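*Asks:* Below you'll find the structure I mean.
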Amino acid sequence: MTAMDTARGRARVAEPGEGIGLDELALATRNHGLPLEALRYDVTPPGLHYVLTHFDIPAVDPASWTLEVTGAVERPLRLTLADLQRRAPATGRVLLECAGNGRARLEPRPVSQPWLLEAVGSAEWGGTALAPLLQEARLSADAVDIVFTGADHGVERGVEQDYARGMPVAEALRPETLLAWSMNGSPLPPQHGAPLRLVVPGWYGMAQVKWLTRIEVLEEPFTGYQNATAYRLATEPGEPGEPVSRIRPRALLSPPGFPDFMTRERFLAAGPVQLSGRAWSGRAPVTRVEVSTDGGRTWADAVLSPVDPAHPWAWRAWTCTWTAEPGPAELLVRATDATGGTQPVEQEWNRQGMANTLVQRVPVTVFPPGD
Ligand SMILES: Nc1nc2c(c(=O)[nH]1)N[C@H]1C(S)=C(S)[C@@H](COP(=O)(O)O)O[C@H]1N2
Ligand SMILES: [Mo]
């Protein structure tokens, strides 16, 4: 991989005025987002859930596929899909969001998958809990990190690798962490990790390892590429930065009215308009959603649906009534969670555009009733 070594480990930031290039377009067509009107569904239909795959969707034959549990364990395990499916079933309705969501609107633009705001979905993942399997393998008392490796392979910023992510033992042992083989009651689709993926509620997408083949227990911190180099909150090149972990609070508005084909500008009739959308946080329950209909000068509280005790890791609905007056308007929405964390109205920049929660802005044109 010597030809690529000059760029080793460095994330590129676009030059001033540099538009989105064909390489970013290629990523954007492979990795599609949730059309924001699909915020209407409590459970996202599989074809509308966002997809992010760093390399290729690997060819995995479920009949010969096995999952290996290895490393610092007393009893290494190798399981087939049938072995896993004989275990106690568990499901979870879980909000997933890519840590790069919103990246394309940052200035200067981190060059990578150019998400606007659509890298989210809330699906019903079915499988079995991870913790009992780890307990059966008898983890070392000195275990620190658990590494989850997928069947996919590629090169990222000059480094050839299998996609692998390490996770602290305590997070892996949470009862809601799942090994999932179904999505919304159907077998896991290829793009979402068939035959088996990890689902760690509350964490950004990079932790949700797809096409899982190997679980390795380490007695020291994992230093693989996707933990040590990617998914860091750094502003200077070469700065190590804090690791990306749990999903920060965010609210999104389902854009009201109807769109223009090219600009996606919205049009709607004057009068009372029911604004609606979703809000979530992977750290603590969302406590407040606020809406501005005047470009951020004033904010009003939206009505937030209560936490559904059956689905604490799903997104929640919010609504807000707006009396729209003819003319242009700009709609903004922001969420706050129980840690007190909220969304910035001015961008908080980092080199990889990770975990940024800059508020959504939806420009609309209101026409007089009867036009
Ligand atoms: N094996 C593997 N797992 C992976 C990835 C990957 O490229 N390879 N991408 C991760 C990232 S960055 C995200 S955001 C989520 C996306 O999950 P989804 O495509 O099911 O929505 O998968 C994660 N799991
Ligand atoms: Mo992601």
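*Asks:* If you go through region 180-191, how many residues are closer than 21 Å to ARG30 by Cα and buried (at least 22 other Cβ atoms within 10 Å of the Cβ)?
*Replies:* The number of residues fulfilling the criteria is 2.
This table checks each residue for (1) loosely packed, with under 13 Cβ neighbours inside 10 Å; (2) within 22 Å of THR357 (Cβ to Cβ); (3) out of contact with any strand residue (DSSP E or B) (no Cβ under 6 Å at 6 or more places or on another chain).
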| residue | (1), (2), (3) |
| --- | --- |
| ALA14 | no, yes, yes |
| GLY21 | yes, no, yes |
| ARG87 | no, no, no |
| ALA90 | no, no, no |
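*Asks:* Same structure again: Can you give me the number of residues within region 207-219 that are open to solvent by 10 Å² or more (accessible area, probe 1.4 Å) and either among the acidic types (Asp, Glu) or within 13 Å of ligand 2 (Cβ to nearest atom) (or both)?
*Replies:* Filtering region 207-219 for residues open to solvent by 10 Å² or more (accessible area, probe 1.4 Å) gives 210, 213-214, 216, 218-219.
Next, only the ones that are either among the acidic types (Asp, Glu) or within 13 Å of ligand 2 (Cβ to nearest atom) (or both) stay: 210, 216, 219.
Counting residues in region 207-219 that are open to solvent by 10 Å² or more (accessible area, probe 1.4 Å) and either among the acidic types (Asp, Glu) or within 13 Å of ligand 2 (Cβ to nearest atom) (or both) gives 3.
*Asks:* What about LEU275, is it surrounded by 20 or more Cβ atoms within 10 Å (Cβ to Cβ), assigned to a strand (DSSP E or B) and within 12 Å of ligand 1 (Cβ to nearest atom)?
*Replies:* Numbers: surrounded by 20 or more Cβ atoms within 10 Å (Cβ to Cβ): yes; assigned to a strand (DSSP E or B): yes; within 12 Å of ligand 1 (Cβ to nearest atom): no.
No, not satisfied.
*Asks:* Being in a strand (DSSP E or B), within 8 Å of ligand 1 (Cβ to nearest atom) and either touching a residue at least 12 places away in the same chain (Cβ under 8 Å) or in the same structural domain as VAL13 (by TED's automatic domain parsing) (or both) narrows it down to one residue among GLY150, GLY166; which is it?
*Replies:* GLY150
*Asks:* Check region 130-142 and report whether any residue there is among the hydroxyl-bearing types (Ser, Thr, Tyr), in a strand (DSSP E or B) and more than 16 Å from ligand 2 (Cβ to nearest atom). Please lay out each step first, then the result.
*Replies:* Of the residues in region 130-142, the ones among the hydroxyl-bearing types (Ser, Thr, Tyr) are 140.
Keeping just the survivors that are in a strand (DSSP E or B) gives none.
Checked region 130-142: no residue is among the hydroxyl-bearing types (Ser, Thr, Tyr), in a strand (DSSP E or B) and more than 16 Å from ligand 2 (Cβ to nearest atom).
*Asks:* I've got another one for you. Give the residue that is nearest to CYS98 (Cα to Cα), with candidates limited to residues of region 278-297 that are open to solvent by 30 Å² or more (accessible area, probe 1.4 Å) and touching a strand residue (DSSP E or B) at 6+ places or on another chain (Cβ under 6 Å). Before the answer, list the steps.
*Replies:* The initial filter retains those residues of region 278-297 that are open to solvent by 30 Å² or more (accessible area, probe 1.4 Å), namely 283, 285, 287-288, 293-294, 297.
From the residues that got through so far, the ones that are touching a strand residue (DSSP E or B) at 6+ places or on another chain (Cβ under 6 Å) too are 283, 287-288, 293.
On the way: ARG283: 15, THR287: 22, ARG288: 22, THR293: 27 Å.
Checking each candidate, the answer is ARG283.
*Asks:* What are the residues in region 85-134 that are farther than 21 Å from ALA314 by Cα, charged (D, E, K, R) and either out of contact with any Ser or Thr (no Cβ under 8 Å at 6 or more places or on another chain) or within 16 Å of ligand 1 (Cβ to nearest atom) (or both), if any?
*Replies:* The answer is ARG86, ARG103, ARG105, GLU107, ARG109.
The values are calculated or read from the model by the stated rules, or taken from the named source; none is laboratory data. No experiment lies behind these values; they were computed from the predicted model shown. Every residue, glycine as well, gets a Cβ built from its backbone with ideal geometry; the counts of neighbours run over all protein chains shown. Protein only, heavy atoms only, side chains kept; ligands, DNA and RNA dropped before computing areas. Shrake-Rupley method; radii C 1.70, N 1.55, O 1.52, S 1.80 Å.
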